[in-house]
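K.L.:
Attaching a single structure in structure tokens format; questions to follow.
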Amino acid sequence: MSQPAFPARLAEAVARYRAEVAGPREHLSLLRWQMAEHHALDSRACFPGHVTTSAYVLSPDHARILLIDHVVIGRWLQPGGHWEEAESFHASAAREALEETGVQGLWLHPWHQGTDLPFVIDSHDVPGKPARGEPAHVHHDLQYLFLADPAAPLVAQTEEVHAAAWKPLAELADIAPLGLARIHTLTPPG
């Protein structure tokens with residue numbers, strides 16, 4: 001059986017997120033407008049915004065989070081990147097985490113119940129890259145929770161990442177406050 005087209009998959013993920021997860025101020029107005037206008041949100045050449053995926057990789061006790069020191073942005077962030085075709089949005093986020101950190105033994109957090117429901121959808125402004133003819137734009141980031149063993153070795157992808165490291169969960173306060181608040185509501189599995 002073939003996969004539904006990207007727009008249908010995105011529409012389902014956004015509708016479920018808004019119905020089951022989103023807070024009262026999470027309208028996702030730009031994303032929903034772009035979807036209604038049939039923008040090619042799976043293309044990084046789509047402006048004013050396009051889809052990215054990222055991963056909150058937690059230690060099993062939820063005390064630590066895997067972060068990357070991003071070369072271009074110059075700060076610590078959760079691993080992630082532009083959408084590339086994958087069987088699911090969470091598979092795309094997992095691939096980004098593996099590519100950027102080398103983390104092994106990654107598994108989808110039980111919160112997702114094996115589904116593609118995003119933990120957070122964060123639409124945020126990013127600077128353009130004039131050398132590429134790219135204006136400032138928006139990343140509609142579908143964020144997923146994963147678990148991994150912090151004792152496993154990491155290998156940073158040096159083209160995009162200065163370093164990958166396990167940090168105290170509190171480090172998310174300045175990076176992803178909504179994600180951090182939601183993580184604090186979870187009970188560690190097991």
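K.L.:
Give me, ordered by chain and number, the residues 5 or more places off Glu134 or on other chains with an amide H under 5 Å from its own placed amide H.
P.N.:
Lys129
K.L.:
While we're on this one: With the crude spin-label approximation of a point 7 Å out along Cα→Cβ, what separation in nm comes out for Ala152 versus Ala5?
P.N.:
Result for the modelled spin labels: 3.6 nm.
K.L.:
Still on this model: If you restrict to DSSP beta bridges whose two residues both lie in the chain, what percentage is antiparallel, to the nearest 5?
P.N.:
70 percent
K.L.:
While we're on this one: Could you report region 24-177's accessible area per residue, 1.4 Å probe, as an integer in Å²?
P.N.:
Dividing the accessible area of region 24-177 by its residue count gives 47 Å².
K.L.:
Moving on to the next point. Which far-off residues, 5 or more places away or on another chain, put their amide H under 5 Å from the one on Gly49, with H placed in the peptide plane?
P.N.:
Val138
K.L.:
Continuing with the same structure: List, in order, the whole-Hz ³J(HN,Hα) value for each residue of region 142-153 obtained from phi through the Karplus relation with A = 6.51, B = -1.76, C = 1.60 and θ = phi - 60°; use x for Gly and Pro.
P.N.:
With coefficients 6.51, -1.76 and 1.60, one gets 8, 10, 10, 9, 9, 10, 7, 7, x, 7, 5, x Hz.
K.L.:
Another one. Amide H of Phe146: which non-local residues (sequence gap of 5 or more, or other chain) have their own amide H closer than 5 Å, using H built in the peptide plane?
P.N.:
Tyr56, Val57, Leu58, His109
K.L.:
Which residues make up the longest stretch of the chain that has no trypsin sites (Lys or Arg not before Pro) in a DSSP loop with at most 11 other Cβ atoms within 10 Å?
P.N.:
Here the longest run is 76-190.
K.L.:
Oh, and also: Obtain the nm distance between the two label points defined at Glu160 and Ala181 by a simple spin-label model: each point lies 7 Å from its Cα along the Cα-to-C-beta direction.
P.N.:
Placing both labels 7 Å along Cα→Cβ, they lie 2.8 nm apart.
The values are calculated or read from the model by the stated rules, or taken from the named source; none is laboratory data. Remember, predicted model here, so these are calculated numbers, not experimental data. Every residue, glycine among them, receives a Cβ derived from its backbone with ideal geometry; neighbour counts consider all protein chains shown. With ligands, DNA and RNA removed, areas are computed over all heavy atoms of the protein, side chains included. Shrake-Rupley method; radii C 1.70, N 1.55, O 1.52, S 1.80 Å.
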